[in-house]
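First up is the structure itself, then whatever we jot down about it.
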Amino acid sequence: MTIQRGTFGQVADTAIWALYPSYNEGSSSYVHTGLSNGAEKNARYRFELDSIPYGATVASATFSTTLYSSGTGEIRVHRINASWAESTVTWSSFADSFEPAVEATFLGASSGVATVDLTELVQAWVDGAHPNHGFLLEENLTARTSYRSSEHDILGDRPSLEVCFH
């Protein structure tokens, strides 16, 4: 099954910015990571997994996103450990509520679709080992990456999570 806003399931995504600690991009067509006007931005995503039965075996879980980057550096995925709302979360309210451990990585690109394997993370959510508060993307402050968000006009460019389970 593929979870993607406008096709199936619930998706939340937004970016927050250190330069404007009360700013929120929850209704924007793009979210960003990296360096923006001299300050850090990072993005967060949450895909509702209610249609996957508790304890199911996740064979694969792949996050896909359409991106445009000024660099080709590593973009890191971290598990978020606190609840947040797409329309209200800010740099100030989030307070680094994510695990420092890296769950997965992918590379920035000048344009295209990036995918990353999140099977272990999704399995942990399905098993109830961690609450599903989603995940955060961040990168070194040497580049800036833009991602089409779940509000983007082109449905096929919206972020998705494809999960195969039994």
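Please identify the pairs in which a residue from the range 73-101 that is over 18 Å from Gln10 (Cα atoms) has its Cβ atom under 7 Å from the Cβ atom of a residue that is basic (Lys, Arg), counting only partners at least 6 apart or on another chain.
Phe98/Arg79; Glu99/Arg79
Could you identify the single residue in Ala82, Ala114, Ala56, Ala124 that is touching a helix residue (DSSP H, G or I) at 6+ places or on another chain (Cβ under 7 Å), among the aliphatic types (A, V, I, L, M) and either within 16 Å of Tyr30 (Cα to Cα) or surrounded by 13 or more Cβ atoms within 10 Å (Cβ to Cβ) (or both)? Before the answer, list the steps.
Working: Ala82 fails: touching a helix residue (DSSP H, G or I) at 6+ places or on another chain (Cβ under 7 Å); Ala114 fails: touching a helix residue (DSSP H, G or I) at 6+ places or on another chain (Cβ under 7 Å); Ala124 fails: touching a helix residue (DSSP H, G or I) at 6+ places or on another chain (Cβ under 7 Å).
Exactly one residue qualifies, and that residue is Ala56.
Residue by residue, here is whether (1) part of a loop (DSSP other than H, G, I, E, B); (2) more than 25 Å from Thr142 (Cβ to Cβ); (3) among the basic types (Lys, Arg) holds:
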position: Ile3; (1), (2), (3): no, yes, no
position: Ile52; (1), (2), (3): yes, yes, no
position: Thr62; (1), (2), (3): no, yes, no
position: Val77; (1), (2), (3): no, no, no
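Quick one: in the range 152-166, which of the residues that are assigned to a loop (DSSP other than H, G, I, E, B) and touching a Phe, Trp or Tyr at 6+ places or on another chain (Cβ under 9 Å) is surrounded by the most Cβ atoms within 10 Å (Cβ to Cβ)? Can you show your working first?
Keep residues of the range 152-166 that are assigned to a loop (DSSP other than H, G, I, E, B), which gives 152-154, 158-159, 166.
Remaining after also requiring touching a Phe, Trp or Tyr at 6+ places or on another chain (Cβ under 9 Å): 152, 159.
Values: His152: 19, Pro159: 23.
Among those residues, the one meeting the criterion is Pro159.
Search the range 127-146 for residues being assigned to a loop (DSSP other than H, G, I, E, B) and of a type in the set (S, T, N, Q), and hand back the single one that is surrounded by the fewest Cβ atoms within 10 Å (Cβ to Cβ). Explain how you work it out, then say what you get.
Residues of the range 127-146 assigned to a loop (DSSP other than H, G, I, E, B): 128-134, 140-143.
Filter once more, so that each one left must be of a type in the set (S, T, N, Q): 132, 140, 142.
On the way: Asn132: 19, Asn140: 15, Thr142: 11.
Residue satisfying both the conditions and the ranking: Thr142.
Under 6 Å between Cβ atoms, at least 6 apart or on separate chains: pull out the pairs that start in the range 141-152 with a residue that is over 17 Å from Gly6 (Cα atoms) and end on any residue that is assigned to a loop (DSSP other than H, G, I, E, B) and of a type in the set (S, T, N, Q).
If the second residue must be assigned to a loop (DSSP other than H, G, I, E, B) and of a type in the set (S, T, N, Q), the pairs left are Ala143/Ser70; Arg144/Ser70.
Any residue in the range 10-37 that's surrounded by fewer than 17 Cβ atoms within 10 Å (Cβ to Cβ): show its pairings with residues that are of a type in the set (Val, Ile, Thr) at Cβ separation under 8 Å, as long as the two are six or more apart or on different chains.
From the range 10-37, the pairs are Gln10/Ile3; Pro21/Thr90; Ser22/Thr90; Tyr23/Ile16; Tyr23/Thr90; Ser28/Thr14.
What about Val102, is it loosely packed, with under 13 Cβ neighbours inside 10 Å, touching a strand residue (DSSP E or B) at 6+ places or on another chain (Cβ under 6 Å) and modelled with pLDDT of 95 or more? Write out each step before concluding.
Details: loosely packed, with under 13 Cβ neighbours inside 10 Å: yes; touching a strand residue (DSSP E or B) at 6+ places or on another chain (Cβ under 6 Å): yes; modelled with pLDDT of 95 or more: yes.
When the stated conditions are applied, Val102 passes them.
The values are calculated or read from the model by the stated rules, or taken from the named source; none is laboratory data. Nothing here was measured: the structure is a model prediction, and the numbers come from that model. Positions of Cβ are generated from backbone atoms using ideal geometry, with glycine treated the same way; all protein chains shown enter the neighbour counts.
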